[in-house]
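Notes follow once the structure below has been shown.
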């Protein structure tokens, strides 16, 4: 059985229920909005809801608060992606035209706001602890985007600032998945804190793997060098520049930050990062985090959930899309 199927096996019925609630929540009496939702309704792997349900099942019984937390989190994630595409001027999302590409920036921002407001309405049907954490997540995601924008204009980007941006963006969503799963089943404070940390570590792995994709021509829904085109310096190139300084390559990173770099120059930076071991270093960092996550999972005594989470971590670090 493939990894993804093993991961979903303990919660397959819960995911079906989640998808039903999610789709019903996005239903709108406004025909224009409904058309937009249909056009963007290409579901991904749903890694965050899966983590939330696995965490909940590890420490209690999945209930209404669990489902509502998962729906709220996924809607917040969806809204953040729409807004990110506007900020990054991206015209593709999961291989299909982004909302801003189809409808323009003004409509995209408003659609993101609509989904965000709907998410908060859903959260209000849970409890104050969950509402508080969801609201805090919204702040974290915004902070992460601001730090990423700051990095894109900084003279140099360190590994520390790169990881800081990851923690507040991608990892924050995974961290909240683990935390809300535990919170929704009234797990102890100690368990909630551990699941928050587990999610954060997995989220860091997820983003590093995603950044590695950008150095290859795999079919991952974005072209090679797209991060550079958006002014982003990621771990493979950050490592290469720090360990093997090169004035010519450093000059090209300045062009990355001013959005004046050409396709050929982006390709030169990609090859430089590869030649100097940037990919191998990024993979090492990712697998070190993955090992730490697996050690934490070993403390979960339910064999079925333990197996699913170990496979979940392997899927995150070895995925090809």
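The values are calculated or read from the model by the stated rules, or taken from the named source; none is laboratory data. Note that the structure is a prediction, hence the values are computed from the model and not measured. Methodologically, a virtual Cβ is constructed for each residue, glycine included, from the backbone with ideal geometry; neighbour enumeration extends over all protein chains shown.
A few remarks follow.
- Condition met for residue 318 (surrounded by fewer than 16 Cβ atoms within 10 Å (Cβ to Cβ), under 18 Å from residue 199 (Cα atoms) and within 25 Å of the chain's Cα centre (by Cα)): yes
- Boolean, residue 82 is in contact with a helix residue (DSSP H, G or I) (Cβ under 9 Å, 6 or more places away or on another chain), touching a residue at least 12 places away in the same chain (Cβ under 8 Å), more than 19 Å from residue 141 (Cβ to Cβ) and surrounded by 21 or more Cβ atoms within 10 Å (Cβ to Cβ): no
- Residue-level check: of (1) closer than 30 Å to residue 63 by Cβ; (2) at pLDDT below 75, residue 132 misses just (2).
- Filter result for the condition that a residue is more than 27 Å from residue 54 (Cβ to Cβ) and either modelled with pLDDT under 90 or in contact with a helix residue (DSSP H, G or I) (Cβ under 9 Å, 6 or more places away or on another chain) (or both), over 289, 281: 281
- Count of the range 80-102 residues which are within 21 Å of residue 47 (Cα to Cα) and in a helix (DSSP H, G or I): 6
- Note on the range 289-305: among residues that are free of Cβ contacts under 8 Å to residues at least 24 places away in the same chain and under 17 Å from residue 199 (Cβ atoms), the one that is surrounded by the most Cβ atoms within 10 Å (Cβ to Cβ) is 294.
Residues checked against (1) in contact with a strand residue (DSSP E or B) (Cβ under 9 Å, 6 or more places away or on another chain); (2) at pLDDT 85 or above; (3) buried (at least 21 other Cβ atoms within 10 Å of the Cβ):
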residue: 103; (1), (2), (3): no, no, no
residue: 109; (1), (2), (3): no, yes, no
residue: 113; (1), (2), (3): no, yes, no
residue: 124; (1), (2), (3): no, yes, no
residue: 128; (1), (2), (3): no, yes, no
residue: 145; (1), (2), (3): no, no, no
residue: 157; (1), (2), (3): no, no, yes
residue: 162; (1), (2), (3): no, yes, yes
residue: 169; (1), (2), (3): no, no, yes
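- Pairs with Cβ under 9 Å, 6+ apart, first in the range 109-121 and closer than 18 Å to residue 132 by Cα, second surrounded by fewer than 18 Cβ atoms within 10 Å (Cβ to Cβ) and at pLDDT 85 or above: 120/131; 120/135
- Residue 135 being under 19 Å from the mean Cα position of the chain (by Cα), loosely packed, with under 14 Cβ neighbours inside 10 Å and touching a residue at least 12 places away in the same chain (Cβ under 8 Å): yes
- If you go through the range 229-240 and keep only what is in a helix (DSSP H, G or I) and surrounded by fewer than 22 Cβ atoms within 10 Å (Cβ to Cβ), you end up with just 229.
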